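Here is the structure we will look at.
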Amino acid sequence: MEVIEELIKDKDAKKFCNESHSWKNEHLVIAKPYGQIFREGYVANFHQKIQNVTCYEDDVWITSHPKSGTRWTQEIVWCLKNNMDLEKALSTNLNVRIPMLCDDFFANDYVDPQVSSFEFVKNMERPRIVHTHLMYDMLPRDLLEKKIKMIYVIRNPRDVIISYLNHLRILHGYEGDLQTLLDLFLKDLGPHWGPYFKHVLSYWNKKSELPNLLITRYEEMQADLPKVIKRIASFLEVTISDEDVLRLCDHVSFEKMKANPMVNKDESFEERKKAMNNGYAGKFINKGKSGTWKEYLTDEMVQRFEQWEEKWLKDTDLKFVYEV
Ligand code: A3P
């Protein structure tokens with residue numbers, strides 16, 4: 001199906017871009033008919049290239065809406081697929097072990113800036129693990145046709161947007177307020193890679209027809225990590241001992257991930273922080289909780305969330321856990 005890019009003219013979308021170091025003077029766009037939101041120029045420059053990416057039966061793809069616990073899932077999957085080689089995990093940046101297939105706008109830290117994510121993914125040793133924030137219908141054709149294993153991680157939208165606010169501040173120099181970001185989010189007009197519900201439902205609605213798709217939940221990882229690890233291992237057809245489940249739980253604990261420079265992006269955003277000079281002190285692996293939204297959202301904001309969630313959830317069997 002032909003995909004075209006349409007400028008989002010909404011005032012909050014413009015304000016959001018203007019208030020972000022990375023996108024000043026740019027617009028957000030919507031890729032029709034599927035409705036995913038990107039940086040201007042994405043469809044013309046990258047959509048077809050992404051559609052044509054070659055995928056292999058032994059690939060594993062990890063997909064998500066941003067801020068859903070993607071890196072947490074990635075670290076688990078990498079260790080499972082690599083025979084629990086924690087030595088390598090602790091000495092090789094996650095961006096290199098599991099690159100993000102993206103557009104060339106994206107700076108894939110620790111990868112040669114001259115090498116696009118397309119080339120990097122193409123030249124990886126097999127079996128590959130690749131990550132992307134694309135909605136289901138925007139994925140490479142090969143990935144869908146060959147029914148390659150995919151893991152999609154979901155986190156409740158209230159924590160997602162609070163986590164996104166931190167992300168935007170540390171990585172994109174966002175100097176705007178929560179209200180603008182929330183307005184955009186609840187109007188389904190941003191930020192990048194959204195809109196949230198279209199993204200989540202594009203996978204959720206496929207879950208019963210696609211045995212190659214495993215859906216995991218951030219909140220469940222918090223509540224019972226060994227159970228989720230075992231489920232992922234079984235999906236990947238990897239055998240793991242109870243002892244290694246415990247080792248892996250320890251390796252991907254919040255404290256260890258936060259202190260691990262191979263996963264926490266500290267260096268990359270320290271560099272960007274200098275360039276943006278906004279003095280904001282958050283971390284990429286920041287709070288790692290469910291229910292952080294309660295500290296940030298006013299009663300009126302919560303009411304707006306409830307209405308928005310009700311509208312999108314009414315015809316689905318998707319339910320969220322908002323606190324663990
Ligand atoms: P917070 O910003 O709420 O702290 P993503 O990788 O999709 O960008 O998601 C980032 C979110 O996952 C961040 O949430 C981060 O702290 C959280 N996260 C990463 N590793 C985690 C872990 N081991 N335990 C709990 N949360 C983790």
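Where a number appears in this text, it was derived from the coordinates with a stated rule and is not lab data. No experiment lies behind these values; they were computed from the predicted model shown. Ideal geometry is used to build each Cβ from the backbone, glycine not excepted, and the neighbour counts take in all protein chains shown.
Does segment 67-78 contain any residue that is part of a strand (DSSP E or B), under 22 Å from residue 213 (Cα atoms), within 16 Å of the ligand (Cβ to nearest atom) and under 16 Å from the mean Cα position of the chain (by Cα)? So far as segment 67-78 goes, no, none of its residues is part of a strand (DSSP E or B), under 22 Å from residue 213 (Cα atoms), within 16 Å of the ligand (Cβ to nearest atom) and under 16 Å from the mean Cα position of the chain (by Cα). Checked against the criterion of being outside any loop (DSSP other than H, G, I, E, B), surrounded by 19 or more Cβ atoms within 10 Å (Cβ to Cβ) and not small (Gly, Ala, Ser), segment 230-239 contains one or more residues that satisfy it.
Restricting segment 183-209 to residues that are of a type in the set (A, V, I, L, M, F, W, C) and out of contact with any strand residue (DSSP E or B) (no Cβ under 8 Å at 6 or more places or on another chain) leaves a set whose member that is surrounded by the fewest Cβ atoms within 10 Å (Cβ to Cβ) is 201. Only one of the listed residues (76, 62) is out of contact with any Pro (no Cβ under 7 Å at 6 or more places or on another chain) and more than 17 Å from residue 203 (Cβ to Cβ). That residue is 76.
Considered as a group, the residues in segment 149-178 that are touching a strand residue (DSSP E or B) at 6+ places or on another chain (Cβ under 6 Å) and of a type in the set (A, V, I, L, M) include one that is farthest from residue 295 (Cα to Cα), and that residue is 150. Here are 248, 214: which of them is surrounded by 18 or more Cβ atoms within 10 Å (Cβ to Cβ), touching a residue at least 60 places away in the same chain (Cβ under 8 Å), assigned to a helix (DSSP H, G or I) and among the aliphatic types (A, V, I, L, M)? 248 is the lone residue from the list that is surrounded by 18 or more Cβ atoms within 10 Å (Cβ to Cβ), touching a residue at least 60 places away in the same chain (Cβ under 8 Å), assigned to a helix (DSSP H, G or I) and among the aliphatic types (A, V, I, L, M).
Among helices (runs of 4 or more DSSP H) entirely within segment 94-178, having at least 3 residues that are away from the ligand (no atom under 16 Å from the Cβ) and surrounded by fewer than 20 Cβ atoms within 10 Å (Cβ to Cβ) singles out 117-123, 141-145. Scan segment 186-206 and give yes if some residue there is among the hydroxyl-bearing types (Ser, Thr, Tyr) and in a strand (DSSP E or B), otherwise no. Scanning segment 186-206, I find no residue that is among the hydroxyl-bearing types (Ser, Thr, Tyr) and in a strand (DSSP E or B), so the answer is no.
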